[in-house]
Structure formats: structure tokens, C-alpha cells
1. Within segment 282-302, identify whether any single residue is touching a residue at least 60 places away in the same chain (Cβ under 8 Å), in a loop (DSSP other than H, G, I, E, B) and either over 19 Å from Y214 (Cβ atoms) or touching an Asp or Glu at 6+ places or on another chain (Cβ under 7 Å) (or both), and answer yes or no.
2. If I filter segment 80-98 for residues that are out of contact with any Pro (no Cβ under 7 Å at 6 or more places or on another chain) and more than 25 Å from V190 (Cα to Cα), do I get at least one hit?
3. When residues of segment 105-136 are filtered for being over 30 Å from H222 (Cβ atoms) and surrounded by fewer than 19 Cβ atoms within 10 Å (Cβ to Cβ), how many remain?
4. Select from segment 154-177 the residues that are out of contact with any Lys or Arg (no Cβ under 7 Å at 6 or more places or on another chain) and among the small types (G, A, S) and list them in ascending order.
5. Could you say which residue among R44, R55, R18, R66 is crowded, with 18+ Cβ neighbours inside 10 Å and either among the hydroxyl-bearing types (S, T, Y) or over 21 Å from L141 (Cβ atoms) (or both)?
6. Give me the residue from segment 353-381 that is at pLDDT 90 or above and in contact with a Phe, Trp or Tyr (Cβ under 8 Å, 6 or more places away or on another chain) and, out of that set, nearest to R305 (Cα to Cα).
7. Checking P338 against (1) surrounded by fewer than 19 Cβ atoms within 10 Å (Cβ to Cβ); (2) more than 26 Å from V251 (Cβ to Cβ); (3) modelled with pLDDT of 95 or more: exactly one of these is not met. Which one?
Amino acid sequence: MKFLQFGAGNIGRSFMGRIFSAAGWEVVFVDVDRRLVNLINEKRRYTVIIKEEGREDERREAGPVRAVHGGDEAAAAAELAGADIAAVSVGKAALEQVLPLLARGLEERRRLYGDRPLDIIIAENAREAPALFRTVLARELGPSWTAETLSAAVGIVETSIGKMVPLLGAEEAAADPLTLYAEAYETLIVDARGFRGPVPAIENILPVEPIRAYVDRKLFVHNLGHAAAAYLGCRALADLKGAANPGEQSVPAVLSLPGVEEGTRNAMDEAAAALLREYPGVFRKDGLAAHINELLARFKNTALRDRILRVGRDIRRKLGREDRITGAMLLGARHGLPFGAAAEVYLAGVEFDPPGAAPFPPDAAFRQDYGLAAPLTEQKLGRILREVSGLREEGTPDGEVYGEVLRAFTRRNRPVSG
């Protein structure tokens with residue numbers, strides 16, 4: 001059985017490729033990083049080092065594996081044509097560049113194997129990804145592929161990806177560019193209804209329905225909580241006025257600062273209450289509470305050395321209308337529930353400007369996001385709410401969210417009397 005993984009980055013290697021390799025599948029990566037492709041083909045194996053607080057590091061091997069370069073379209077299409085299942089984890093911004101290559105592979109598969117279906121796992125945590133896949137594939141494949149043909153031939157399998165993979169430091173990455181650090185969590189939640197063939201009989205794969213409920217749980221509880229820890233933690237460091245040091249730049253360290261864990265939990269609790277209203281019968285209150293406790297324990301895993309810089313970067317995307325913070329507030333507003341804690345997270349995200357970026361060069365691409373509107377004023381905040389988060393000043397639920405964030409700004413900047 002062959003598993004084809006588009007994207008050999010953190011999730012592609014530490015999670016997707018690892019669990020299929022462990023199950024005995026042949027694993028092939030497609031990536032545009034030529035150095036990475038060459039290293040995979042040279043080594044044919046790689047290591048995921050599991051970091052758990054209070055335990056010795058566990059080494060989980062993946063291999064044999066191989067890779068093809070995404071620029072070699074004929075080779076990538078041939079690999080897709082012969083795959084038993086495929087997955088995509090390239091990041092939201094690169095999806096539209098990958099989809100034409102998928103279409104070429106599907107044409108080749110149809111030519112060689114007729115109506116043999118292919119399931120494609122979307123390992124992206126992007127709510128709009130399934131619709132984008134269908135739209136772009138239909139456009140690229142052309143009129144010979146009717147909607148019915150495409151639906152029968154291609155299973156578009158949505159997922160909820162909960163794996164946390166921190167960045168390696170520069171020295172560690174240079175020592176072995178294929179090695180990754182990760183947490184032990186290794187459950188792949190997939191849409192039970194998305195498959196056209198059988199769900200792979202792999203212990204780590206958990207089929208659920210409706211998948212949208214679990215995608216929203218990941219985004220509005222896990223992702224919101226992780227961002228909250230980074231943004232509120234950075235704010236707490238700034239409020240300490242000079243108390244910051246490199247050791248305090250980790251997520252576990254800032255969660256120990258006054259008010260950070262409380263604010264993070266409050267935002268997650270608000271989102272959980274909204275999910276209970278949005279998906280009656282899918283989640284239970286005690287189950288979501290246990291999930292939040294588990295996530296906070298995972299966030300505190302000091303062995304991961306996960307930095308607030310990595311967790312908080314790419315702010316403009318994370319403040320987007322459908323993303324973790326604004327999306328959670330809109331969900332709460334639609335159900336008439338409070339979301340003040342999430343509004344504080346939003347404001348802290350706008351202010352996010354962590355010290356100590358130098359040790360992590362990959363974050364330089366997002367540097368323009370930090371201190372989004374410094375010095376922040378009410379007028380600048382209003383512009384961000386409108387232009388970055390796509391909110392209107394009036395109406396429901398937009399106006400309620402817009403107003404709550406402005407009130408959070410007023411409270412934070414109110415002069416202290418006496």
C-alpha cells in the first residue's frame with residue numbers, strides 16, 4: 001500500500017508520514033524544497049523525537065521513505081496515479097499551487113486505472129479547504145469530469161489536526177535537518193463520510209461525523225487556546241516591564257505568569273459553550289471540559305520548548321474572520337453567549353510583539369505582523385477589525401464583536417485613578 005504525502009514539513013513528516021510508515025505503508029513525499037527532497041532520498045529514514053515532561057525522549061522512526069520534487073510534475077503525477085491514498089499538508093497559502101498538480105495526477109490515474117477512486121486527506125485545519133479542493137479540481141480537470149464523476153472518483157477527506165510540533169533551534173536543525181521534535185499525541189481525526197474507498201485500518205485514525213463539529217472544536221478551542229497562551233503571555237511579559245528573559249519565552253513559562261492560564265482557560269470555556277449550542281448532541285459539557293484540561297496540560301509540556309513566537313506568528317491570518325479568535329467570538333455572539341475573554345485575546349494578538357525573535361529565523365517572514373498597529377489607538381484598532389477581521393461596525397453578530405473588542409481596549413487603557 002502506498003501513501004503519497006504532499007508537503008514534507010512538520011505535520012507531513014512528524015504526523016502523517018510517521019503514522020502511515022508505522023502501519024507498514026510505503027510513504028512517498030512531494031515537496032518543493034529540493035534540499036529536503038534530496039536528504040529524504042539519501043537517508044530513506046528520519047526520526048521524530050517525542051518530548052514529554054518528566055520522561056526520557058522517545059525516538060520514533062519512519063522509513064523506508066522516499067521523495068519527489070514538486071517541480072517534476074510528471075513524476076509527481078505518476079506517483080499520485082499509483083497511490084492508494086494521498087494527503088496534503090502544505091499550508092493554506094500554498095494550496096492553490098498544489099491543486100493543479102493533483103488534477104494532473106488524477107487525469108493520469110483515470111487514464112491508467114479508469115474509475116478506481118482515490119481518497120485525499122486534507123491535513124490543513126482550514127475550514128474552507130474542502131470547498132477550495134472541489135472548486136479548483138473541477139476547474140483544472142475540465143468538462144470531461146462532471147460533478148458526479150469527480151465525486152465518485154475522489155474522496156475529499158476533511159480532518160482535525162491536533163499535533164503540536166515546535167520549531168527546532170538553528171543548531172539542532174543543522175545537525176540533522178530531517179529530525180523533528182513533537183508531542184506524543186498521534187490521533188488523526190477524519191471525516192467518516194469523506195472516503196470513497198475503505199477507511200485505512202490504522203490504529204491512529206479516528207473516523208467521526210459530522211467532521212465540521214470536530215474541525216470547529218480544534219479551531220475554536222485548541223487553536224484559540226494556544227494563541228491565547230502566546231498573546232496573553234507576551235502581554236504579561238510586557239506588563240512586567242523588563243522581567244522578560246529567554247527562558248520566559250516558552251508557552252509553559254508564560255502560562256505560569258499571573259492571569260495567563262486563567263485568561264486562556266476562560267476563552268476556551270467560552271468557545272466550548274458556543275460549540276455545545278452549535279452542535280447539540282455531538283459534544284457533552286463534561287467531555288469538552290476534560291478536553292480543555294488535557295489541552296492545557298499539553299500546552300504546559302516543558303520538554304517541547306514551544307516558543308510563543310512560533311505559536312503566535314502569522315497574526316493577520318489568526319485574526320481573520322473565520323479563524324480561531326474572531327470566528328469563536330462570532331459563534332458566541334450568534335448564540336447570545338459571552339465572549340469577553342476571547343476579545344481580550346484578540347486585543348493581545350493585535351499588540352503581539354515578542355522579544356527574542358533572533359534565535360528563530362523562520363519567523364522573519366511574519367515579522368511585519370508583530371506590533372500590528374503600535375502604538376495602538378482606538379482608530380487603528382477599528383481599522384484592523386474592519387480590514388483584517390472583515391467585521392462591520394453594526395449588526396449582529398459583527399457589531400457585537402466589534403464593540404466588545406473596543407470595550408476591551410478602553411478597559412485596558414483606562415487611566416488608573418488615585
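The values are calculated or read from the model by the stated rules, or taken from the named source; none is laboratory data. Nothing here was measured: the structure is a model prediction, and the numbers come from that model. Here Cβ is always computed from backbone atoms with ideal geometry, including for glycine, and neighbour counts include all displayed protein chains.
1. Yes: segment 282-302 contains one or more residues that are touching a residue at least 60 places away in the same chain (Cβ under 8 Å), in a loop (DSSP other than H, G, I, E, B) and either over 19 Å from Y214 (Cβ atoms) or touching an Asp or Glu at 6+ places or on another chain (Cβ under 7 Å) (or both).
2. No.
3. Residues in segment 105-136 being over 30 Å from H222 (Cβ atoms) and surrounded by fewer than 19 Cβ atoms within 10 Å (Cβ to Cβ): 10 in total.
4. Across segment 154-177, the qualifying residues are G169, A170, A173, A174, A175.
5. Testing whether each residue is crowded, with 18+ Cβ neighbours inside 10 Å and either among the hydroxyl-bearing types (S, T, Y) or over 21 Å from L141 (Cβ atoms) (or both) leaves just R18.
6. Top of the filtered list is L376.
7. (2)
Let's see how each residue does on (1) crowded, with 24+ Cβ neighbours inside 10 Å; (2) hydrophobic (A, V, I, L, M, F, W, C); (3) in contact with a Pro (Cβ under 9 Å, 6 or more places away or on another chain):
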position	(1), (2), (3)
R277	no, no, no
L288	no, yes, no
A297	no, yes, no
R321	no, no, no
V345	yes, yes, no
